[in-house]
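So the structure is just underneath, and the comments pick up after that.
No lab work stands behind these numbers, since they all come straight from the coordinates. All figures in this text were calculated on a predicted structure; none of them were measured in a lab. Note that each Cβ is placed from the backbone with ideal geometry, even for glycine, and that neighbours are counted across all protein chains shown.
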Amino acid sequence: MQSCLRVAAAAALIAVAPLAFVQAAPAAKPVAETVLFNDSHFHLTNYVQQGTPIRDYLAIMGDKIGRSTLFGIPLQQQWDFANTGNFAPTYYLQSDAPLYYYSFTDAYIAMQYLSLAPAERARLDPMITGFDPADMYAVDHIRRVLTTFPGVFSGIGEFSIHKEFVSAKIAGGPASLTNPALDRVLDFAGEAGLVVILHNDIDAPFAKGDSLPNSLTQMRDLLLRHPRTTIIWAHTGLGRIVKPVPTSAGAEYGGHSLTHLDIMEHLLENPALRHVYLDISWDEVAKYAVASPESIARTAAFINAHPDRILFGTDNVAPKDQATQLRVFDMWKPVFDLLTPEASYAVRIGNYNRLFDKARLDVRKWEKANVATVKASK
Ligand SMILES: [Zn+2]
């Protein structure tokens, strides 16, 4: 199975290679010296669809954040009077009422983006999130967003499959890594050139590490099934209480105990998973990385060994000022200080530019071939 996929992956690489020469990538502009990072994981709005006005966000980026992804949150926390009375919850932990998919988020993000001047737009990569990955019609929503707002989106996500506290609250039931609806979404993302940011907890909360997590093996199999799709695994699978615990790995890995970084190492070294990237966004992830001198050294060594596969992001939600926006970046300083200059640049800036520049070209090409108004105008 694996060798089949490897062959398929190699064939896919050969098949797409000539396309890279059809349209030259935009000339790389020199990055201003003041730029600290590009934000590969940023939520403009929160769980009740409120957030930072787009012009305020550009001011927050200022000269410190070069480029940024731009997405809302696909799930809306219901304000259920029977559950919380007059208290209006703004976060999923503040109510027992369900979360539901709020597809209008995509129109909102598109309109915010389109309200900007071209030079301002050039700094942003909007993402589609407002679909239910457990619905076989999800892919139709994504296609409809692209055809309604051509010239806007670079990817899909962040959307979640398994997420602590969240999955069980979703109206209509949770998503699954084995649901063909998700395969349809990832197939289409590959076809259209959309970058995917996927949140999937690597394990259950409070895991004991006594066996390889089901969520990890299913995730690996999912990634293997989609070699033509660029997929960023958000937060390397970690969460608030999904911790990097050593796991007894079973026969497949020689019976050894694996640390979280060992598991990530196996993933990145698998030649059939060259299309997979990791983001180290979220202050909850930073806290594990900088927990001790040993964790700092191990994390830095891991990043130095795989500089082209890891992207920095904040995972901030609707920030009010630049200090808030830079906080997660500052938390990572002890690790970044140990990176080679090349690795540091790649993780903070270079990988974002490479992945999202390609996505912009590919998605515009798909729109040119598939959207009537774009076909007519060019
Ligand atoms: Zn996020």
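Give me the distance between the Cα centres of segment 290-339 and segment 153-178, rounded to whole Å.
25 Å
What is the dipole size for segment 254-378, taken about its Cα centre, with +1 at each Lys and Arg Cβ and -1 at each Asp and Glu Cβ, in debye to the nearest 20?
Working: 16 positive and 16 negative charges, 175 e Å.
Around 840 debye, computed over segment 254-378.
Counting residues in the chain as N, plug N into 2.2 N^0.38 Å and put the Cα Rg over that result. Each step should come with its number before you reach the end.
Working: Rg = 20.0 Å, N = 378, 2.2 N^0.38 = 21.0 Å.
Here the answer is 0.96, to two decimals.
Please arrange M136, M331 by how many other C-beta atoms lie within 10 Å of their C-beta, fewest to most. Don't skip to the answer; put the middle values down first.
On the way: M136 14, M331 17.
Placing the least packed residue first, the sequence is M136, M331.
Taking R0 as 25 Å, what FRET efficiency do you get between D330 and T259 from their Cβ-Cβ distance, rounded to the nearest 0.05? All intermediate terms of the calculation are to be shown ahead of the outcome.
On the way: r = 26 Å, r/R0 = 1.02.
Using R0 = 25 Å, I get an efficiency of 0.45.
Using a Förster distance of 51 Å, how high is the FRET efficiency between S292 and A369, based on the Cβ-Cβ distance and rounded to 0.05?
Values: r = 52 Å, r/R0 = 1.02.
The calculated FRET efficiency here is 0.50.
Defining a contact as two alpha carbons under 8 Å apart and six or more residues distant in sequence, what relative contact order in percent does the chain show?
Details: 682 pairs, mean separation 67.3, N = 378.
Dividing the mean separation by the residue count of the chain yields 18 percent.
Taking the chain as a Gaussian network, where each spring joins two C-alpha atoms under 10 Å apart, which residue of E33, E367, E284 fluctuates the most?
Its mean-square fluctuation being the largest, the pick is E33.
Rounded to the nearest 500 deg cm²/dmol, what is the calculated helix-only ellipticity per residue at 222 nm for the chain, with -39500 (n - 2.57) per DSSP H run of length n ≥ 4? It would help to have the intermediate numbers written out before the result.
Details: 16 runs with 152 residues, N = 378.
Value at 222 nm, helices only: -11500 deg cm²/dmol.
Taking the Cβ of each residue in D187, D96 as the centre, tally the other Cβ atoms inside 10 Å and list the residues starting with the fewest.
Numbers: D187 16, D96 12.
Arranged by neighbour count, lowest to highest, D187, D96 become D96, D187.
Mind computing the radius of gyration and Dmax over the alpha-carbon atoms of segment 266-378? Å is fine for both.
For segment 266-378, the Cα-based Rg and Dmax read 17.7, 59 Å.
Percent antiparallel among DSSP beta bridges with both residues in the chain, to the nearest 5?
Working: 6 of 30 bridges.
Percentage antiparallel, nearest 5: 20.
Under the Kirkwood approximation for Rh and a Cα-based Rg, what ratio Rg/Rh is obtained for segment 109-172? Mind dumping the intermediate values first?
Numbers: Rg = 14.0 Å, Rh = 13.3 Å.
My calculation puts Rg/Rh at 1.05.
Given an 8 Å cut-off on Cα distances and at least 6 residues of separation, report the relative contact order of segment 87-229 as a percent. Present the calculation step by step, with values, prior to reporting the outcome.
On the way: 193 pairs, mean separation 33.2, N = 143.
RCO, segment 87-229: 23 percent.
Based on other C-beta atoms within 10 Å, arrange R327, R364 from fewest to most.
Numbers: R327 14, R364 18.
Ascending Cβ contact count within 10 Å gives the list R327, R364.
Which translational diffusion coefficient, to the nearest whole µm²/s, is obtained for segment 135-209 from the Stokes-Einstein equation, given a Kirkwood hydrodynamic radius over C-alpha pairs, 25 °C and 0.890 mPa s?
Details: Rh = 13.7 Å.
Translational D for this selection: 179 µm²/s.
On the principal axes of its Cα set, how long, how wide and how thick is segment 220-272? Give whole Å, largest value first.
31, 29, 15
How long is the gain from T147 to F81 if the chain were fully straight, where each residue apart is worth 0.36 nm and the alpha carbon distance is subtracted? Could the numbers behind the result be given before it?
Working: separation 66, 0.36 × 66 = 23.76 nm, distance 3.77 nm.
Once the chain is fully extended between T147 and F81, it gains 20.0 nm.
Cα-Cα over 18 Å: which of K64/K333; K208/K243; K64/K320; K64/K358? Please report the intermediate quantities before stating the final value.
Values: K64/K333 15 Å; K208/K243 10 Å; K64/K320 15 Å; K64/K358 23 Å.
Too far apart for the 18 Å limit: K64/K358.
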